[in-house]
Structures are given as structure tokens and as C-alpha cells.
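The values are calculated or read from the model by the stated rules, or taken from the named source; none is laboratory data. Values in this document were obtained by computation on a predicted structure and should not be read as measured data. As a convention, Cβ positions derive from the backbone with ideal geometry for all residues, glycine included, and neighbour counts pool all protein chains shown.
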Amino acid sequence: MEMNNAFINWLPLAIVLLPFFAGLALYLIGEGKPGLINPLVLASTILPLLFAAFFYPPVAAGRFPSMVLNILPPVGLSFRVDYLSFYALLLFAAAGLVVSIYALHYLGPGEKRRHRFFGFHLLVLSGCYGVAAAGDFFSFYLFFEFMSIMFFVLVAHNQSAAAIRAAYKFLIMTIIAGVTLFLAVAVVYWETGILTFASPGLGLEQSTLVLIAFIGFIVAFGIKSALFPLHLWMPDAYSEAPLPAATISSMIMLKTGAYGLIRVYGNIYGIEHLTETDWSYYLVILAGFTILFGSIVALAQEDLIRRLAYSGIAQVGYIILGIALINELAFQGAAYHILAHAFMKGTLFLCAGVMIRESGSRVIADLKGIGCKLPVTMICFATATVTAVGMPPFNIFISKWHLGLGALEADSLVIVLILLASSMLNAAYYLPIVTRAFMGTGAGSGTDHPETGPGGTHPAEDAGTGEKNRGSLPLLSEAPAALLIPVIILALGCFVFGLTPVNLPLELIEKGIALYF
């Protein structure tokens, strides 16, 4: 039993180090040995998911594996897997594997600097896994910063002028987030002497310094989550980064900010402390405005990727809103929306990649009739669209249901109306894409819109080979299986949890959030 416990306790470190060393190896020697890229990427994303699954028996039994490495004094590097960290780690590992499988084909052997992309792709995943498995806020901070800096390289991957500008905008915002997060963590450590996630609050007393730390946390995680007005990096970064990188950011990296904020509320300040202040009131206002702002601006976008980006701003607003309402139902809805948005937006991004390859354009008007050529892809896109609107039994219905109940518990009818308005706006900017795809007369030529595709390749070119492929897929044909299977998996994930007798993610969330209240 002791050996088994020791094995489980060391697994978080293995989950973090596997993609770290694989990514480092690809960057250093991958250019000269391109045959290593596919097997290393697959091995270093499959194994973390398998290792994460080992945590289910102890976590389900209420035992939380943990370990501390006596390095980086005075705090050390610690890992702890409780209900919420297991939920986040399993989600991040699953998303990392699915997107990696897609990316290996999307950015095929002909892609320039392929070894560098996948090297830093794995380094980003390593940081994401570390964020989920961190046992204290110092360890969280280290992995959070590492993840963000590594993603800078992915945004700049194409090395075009636009990509470099987007990357530097992201880097500037990342530096601001890093400085404010470090300040907040330092203040908390100064006030309490501890930073662990093992208790529901660290006993902080109300003071100006503690308020400054709270603002620092909001700024840092608001930047990462693209909370208005801290969202400035996101549309350009998603437009210029290779599509798999934008997908990883949307599915995982945005959620690290939301996950961090849950830890701030639940483990650092404590629910009791925050209910005695009016600090969260202002965050509720910002989150509500973010939902409406992102939805309205998304409606005006003609570029498919930018529409998805602004939609993501609105969707993450739901999570921040649920946290800021400070009641158990809203917290559950916020935490569940992390999963709901990941599957929904991951499906949309991966479908968009296939659509761009076929249509030769990112302009939504050029996607008319593409459903005739890519019926399975567009059915998956339609599935994610209905999910975004919030129809049962899809995931976002479950999260919005809890958010709505939480808003009513907080006596906030305005929040309920914002949620309903956002659902209608989701329908307004997604459903026309689906109807045009199935009812249009045919995919446009795209010749009037010379935009480049994700990663800087012309959208009419194969992202892996650079060869022209506009119209290369015959009627009623589909994308290669390596692209289509990840799309189908994510589309199924949009609703499968709502059909099972036991919703395992929701069960983990309910147990984890209950420890805070």
C-alpha cells in the first residue's frame, strides 16, 4: 500500500515532466530528426492522460495525493490532487491529446519549423498540467508563467509582421499579468506565511494590502481569461497563431485563469471573508459586461476565427460571473462551464480548420454550401452551435442552469436576463454559419479575401504541405480521419455527460465546491 501511495504521489511530477522533456528534445534535435516528432508528441500526451486517470480511486475515496519537493525555498514546489485539480487535470490532459492528434496532421511534415511548433506546444501543455496539479499558489505561479511565456513562441510561429505584433501584444499583457500575480502571491505569503490549497481560506483579515492583492489576482487572471477590458491580446493572437495553438489557448489556457480565480476565492480568501466585503460586486459588473461585449462584437465579425475569439471572451465571462456571485450553485455552474466551453469551443475551432482548408477563406460569407462537401464536419459544428446556445442536454445548458439558479439565489434578475440575452446572441452569430453551410449555393472562391489562414499559410493551402487544395475534397467527401476523429470526439463531449446516469465531472465539482461552503 505504501508503495502504491508513493507511486500515486509522484505521478503529478511525471505528468508535468513528460511533455516538458519531450518538448525540449523536439526543439533541440527535432529539426534533424523529424521522424521523432509524431511518436514523441503522441507518447507525451497519451501518458499524462493515462496517469491522470490513476488519481480517480483515491480522489473518489476522499484521499488527495500530494507531494512537496524541497527546492525553491522557502515555499518549495508542491503538488496536490483534490476534487477540483483532478477535474482540471483530466480535462486538460484529454484536450491536450485530442488537439495534438489533430495538430500532427494539420501541421504536416511540410510545415516550416514544425519541430519548434511541437516542441513549444508540449512545453505549453507541461505548464498547463502543472497549473492544474499545483498544491500551492507559489507552484501555481511558476507553472502559470512558464505556460504563458512558452505560448508567446506559438503566437509568433509564422514570423510574419502581423504574427510578431500579435505575439508582442500577448507578451506585454503576459508580463503585466505576471507582475500583478507575483505581487498578489507575495502579499498573501507576507500576511499568512502559507500559500497552500489545503484549506478553505487562509484566515486573511481585511486591510488595504489584502485588497491590493485581490485586485492583483483579478488583473492577472482577468488578462489570462480575456476579461473586459483586459482582453486586448486575444483576437489578434488567435488570428495569427496556428489554429491548433489557438485551440489549446481556448480549451485550456483561458481556463487556467478561471481555475486560478476559483482557488483565490475558495482557498486563499475564503468564501466567508469575501461575503463580508463588496469586492466581488464590481467583478460581477465586469463579467456581465464582458458577456454582452464579447457577444455583440462577435456578431459584427466576418472573419470566422475572430468571431470565435470574441465569442470566447463572452463565454469565459460566464465563468467569472459564477465565481463572483459567491454562492454554491453559481460556483458549480462556473466550474462546469470550464468543461462545457472547452468541448464546445474546441469543436468549433477544429471544424473551422477543416472548413478553411476546403473553402480557401476565413470569411464567413465564403462558406456557403460547404456543408455539402463536409457534412460530418458541419454536423459537428452545428452540435457545438446548439451547445453554445444552451439547449438541453448539452453541457452549456447544465452550466447555465446552475448559473441562473445562482443568480436567483443572489436576487439578481438582471444576471438572468444577461444570460438569456447572451444565448440569443449566440444563436444570432453561430446559426447563420450553419444555415449558409447547408443551404447556400456553394463555397465561395475566396479570391476577394486574401486573408491568410491560421499560422500564416494561405487558407487555400494545405497547412502541412503548402500545396493548393481549394475544392480538392469531392462532393460528400470529408477531411482525413486524423482531422475528423478529434472533431467528432469533441462534438460528442458536448453532450455525452448530460446523457449518462452519473455526470462524473459535475459530481467532482459538487464535492470540490462543497468544501468551500
**Request:** Would you tally the residues in the range 239-271 being within 19 Å of ARG165 (Cβ to Cβ) and outside any helix (DSSP H, G or I)?
**Result:** 2
**Prompt:** Which ones in the range 199-218 are of a type in the set (A, V, I, L, M) and surrounded by fewer than 19 Cβ atoms within 10 Å (Cβ to Cβ)?
**Reply:** LEU209, LEU211, ILE212, ILE215
**Message:** Tell me the residue from LEU89, LEU42 that is assigned to a helix (DSSP H, G or I), under 17 Å from ALA134 (Cα atoms) and either of a type outside the set (Val, Ile, Thr) or without any contact (Cβ under 8 Å) to a residue 12 or more places away in the chain (or both), please.
**Reply:** LEU89
**Message:** For the range 352-381, which positions are farther than 13 Å from PHE438 by Cβ and among the hydroxyl-bearing types (Ser, Thr, Tyr)?
**Reply:** SER359, SER361
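Would you mind stating whether HIS105 is surrounded by fewer than 24 Cβ atoms within 10 Å (Cβ to Cβ), in contact with a helix residue (DSSP H, G or I) (Cβ under 7 Å, 6 or more places away or on another chain) and at pLDDT below 95? Show your work before the answer.
Numbers: surrounded by fewer than 24 Cβ atoms within 10 Å (Cβ to Cβ): yes; in contact with a helix residue (DSSP H, G or I) (Cβ under 7 Å, 6 or more places away or on another chain): yes; at pLDDT below 95: yes.
When the stated conditions are applied, HIS105 passes them.
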**Asked** Scanning the range 34-87 for residues that are β-branched (Val, Ile, Thr) and surrounded by fewer than 18 Cβ atoms within 10 Å (Cβ to Cβ), which turns out modelled with the highest pLDDT?
**Response** ILE46
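Taking the range 162-203 as the region of interest, how many residues are aromatic (Phe, Trp, Tyr) and within 15 Å of GLY260 (Cβ to Cβ)? Don't jump to the end; show me each part of the working.
Narrowing the range 162-203 to residues aromatic (Phe, Trp, Tyr): 168, 170, 182, 189-190, 197.
From the residues that got through so far, the ones that are within 15 Å of GLY260 (Cβ to Cβ) too are 182, 197.
Adding up the residues that qualify gives 2.
Can you tell me which residue among ASN5, ASN9 is in contact (Cβ under 8 Å) with a residue 12 or more places away in the chain and touching a strand residue (DSSP E or B) at 6+ places or on another chain (Cβ under 7 Å)?
Matching residue, one of ASN5, ASN9: ASN9.
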**Request:** Of the numbered conditions (1) of a type outside the set (Asp, Glu); (2) in contact with a helix residue (DSSP H, G or I) (Cβ under 6 Å, 6 or more places away or on another chain); (3) modelled with pLDDT under 95, VAL386 fails exactly one; give the number of that condition.
**Result:** (2)
**Message:** For the range 195-238, give me each residue that is part of a helix (DSSP H, G or I), in contact (Cβ under 8 Å) with a residue 40 or more places away in the chain, over 20 Å from PHE343 (Cα atoms) and within 25 Å of the chain's Cα centre (by Cα).
**Reply:** PHE214, PHE217, ILE218, VAL219, ALA220, PHE221, GLY222, ILE223, ASP236, ALA237
**Request:** Name the one entry in GLY110, GLY119 that is assigned to a loop (DSSP other than H, G, I, E, B) and either among the hydroxyl-bearing types (Ser, Thr, Tyr) or more than 16 Å from ILE252 (Cα to Cα) (or both).
**Result:** GLY110
